[in-house]
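Student: Pasting a structure below so you can have a look.
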Amino acid sequence: MQWTKKGERPPKKFKVQKSASKLMATLIWNSEGVLLLDYLPKGTTMNGQYYTNLLAQAREAVVQKRRGKLSRGVLFLQDNTSVYTARVSRQALKDTGFSEIDHPLYSPDLAPSDYFLFSNLKKELRGRRFVDDNQMKMAVESHFDCKEKEYFLGGLKALYTRCDKCISLEGDYIEK
């Protein structure tokens, strides 16, 4: 409802279109490519228990896709989101055998997924409309499937140049 002067027609109302739905994706990757891409189901909240399950899947993905890497050691970088720092998540990370790299508070510039992976994905998908969630998922997966190993390695090398700590890249993982 809107106030109008006597004899004036109310402004024309435009049809409301359903807004695009959003998907929350968790992407676990290394210098060779994507290890795990998970979409949070609608109506589900990302919590410590859900993340614990993802870490178990990530470990299995390393075993299956990067044979021998687990025995050499996997360094794991994640930000300080409360889900990741929850007690159950911390324990799950220890249970995977991964070693966590400390991530400075409030430092999205040191999160390769933020400054590299997702920013490039957003550029590619900008302006595109998707009929449904499955079409969006296919576009995301297609984006990453066509990337060469050098693409992912480049994202990690960018971390090296952004970070003031001494981190060296060796083979498949970041070593402190």
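The values are calculated or read from the model by the stated rules, or taken from the named source; none is laboratory data. Everything numeric in this text was worked out from a predicted model, so none of it was measured. All Cβ positions, even for glycine, are placed from backbone atoms using ideal geometry, and neighbour counts span all protein chains on display. What goes into the accessible areas is simple: the full protein's heavy atoms, side chains included, and nothing from ligands, DNA or RNA. Shrake-Rupley method; radii C 1.70, N 1.55, O 1.52, S 1.80 Å.
Student: Identify the single condition in (1) surrounded by 13 or more Cβ atoms within 10 Å (Cβ to Cβ); (2) touching a residue at least 60 places away in the same chain (Cβ under 8 Å) that GLY73 does not satisfy, given that it satisfies every other one.
Tutor: (1)
Student: Which residue pairs have Cβ atoms closer than 8 Å, lie 6 or more positions apart in sequence or on different chains, and pair a first residue in segment 132-159 that is part of a helix (DSSP H, G or I) with a second residue that is open to solvent by 90 Å² or more (accessible area, probe 1.4 Å)?
Tutor: These pairs meet every condition: ALA139/ARG128.
Student: Just one of the numbered conditions (1) over 17 Å from SER113 (Cβ atoms); (2) open to solvent by 50 Å² or more (accessible area, probe 1.4 Å); (3) modelled with pLDDT of 90 or more is not true of GLY48; which one?
Tutor: The one condition GLY48 does not meet is (2).
Student: Follow-up question, since we're still on this one. Any idea how many residues of segment 66-122 are part of a helix (DSSP H, G or I) and under 18 Å from the mean Cα position of the chain (by Cα)?
Tutor: Our first condition is that a residue be part of a helix (DSSP H, G or I); within segment 66-122, this holds for 69-72, 82-85, 87-96, 108-110, 112-122.
Subsequent filtering for residues that are under 18 Å from the mean Cα position of the chain (by Cα) retains 82-85, 89, 93, 108-110, 112-122.
Result for segment 66-122: 20.
Student: Just to be sure I understand, how many residues within segment 100-137 are open to solvent by 80 Å² or more (accessible area, probe 1.4 Å) and hydroxyl-bearing (Ser, Thr, Tyr)?
Tutor: Residues that pass the stated criteria total 1.
Student: What's the number of the only condition in (1) in contact with a Ser or Thr (Cβ under 9 Å, 6 or more places away or on another chain); (2) within 27 Å of LYS157 (Cβ to Cβ) that THR52 fails to meet?
Tutor: (2)
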